[in-house]
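See below for the structure under consideration.
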Amino acid sequence: MRVVEITTEPVELYKILKFEGMVASGGEAKLVIADGQVLLNGTIETQKRKKIISGDIIEFNNEKISIQRVKTIYEKQ
């Protein structure tokens, strides 16, 4: 499983698929989500703009990613 680090949360599901290169475009991401091809925490997710937070696990096309929030250099450590 690949870990994807985010600095802000929540992030919309379709954006994660797009920015992580799991699909070619945002439009394609929205289509595969609406078609029921994406699992969020083991359950089919059809909301394109579903809010993703740290600890969520996304599965698509035989790839699994875990979302982890990291602090920016401007946040208190």
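Taken together, the values in this text are just the output of simple stated rules run on the coordinates, not laboratory data. These numbers were taken from a predicted model, which means no experiment stands behind them. Cβ coordinates were reconstructed from backbone atoms using ideal geometry, including for glycine residues, and neighbour counts include every protein chain displayed.
Some observations on this one:
- Residue exposure sequence - 63, 5 - by fewest surrounding Cβ within 10 Å: 5, 63
- In nm, spacing of pseudo-spin labels at residue 28 and residue 9 (7 Å Cα→C-beta vector): 2.8 nm
- Panel order for 57, 52, by other beta carbons found within 10 Å of each beta carbon, from fewest to most: 57, 52.
- Ranking of 17, 31 by count of other Cβ atoms within 10 Å, fewest first: 31, 17
- Candidate aspartates and glutamates for bridging to residue 15, where Cα separation is under 19 Å - those fewer than 8 sequence places away on the same chain excluded: 5, 28, 35, 45, 56, 59, 63
- In summary, the stretch 2-69 shows an alpha-carbon radius of gyration equal to 0.95 times the 2.2 N^0.38 Å reference for compact globular proteins.
- Taking other residues whose beta carbon is less than 9 angstrom from the beta carbon of residue 9, and scoring Lys, Arg as +1 and Asp, Glu as -1, yields +2.
- Adding -39500 (n - 2.57) for every DSSP H run of four residues or longer, then dividing by how many residues the chain holds, sets the calculated 222 nm ellipticity at -5500 deg cm²/dmol.
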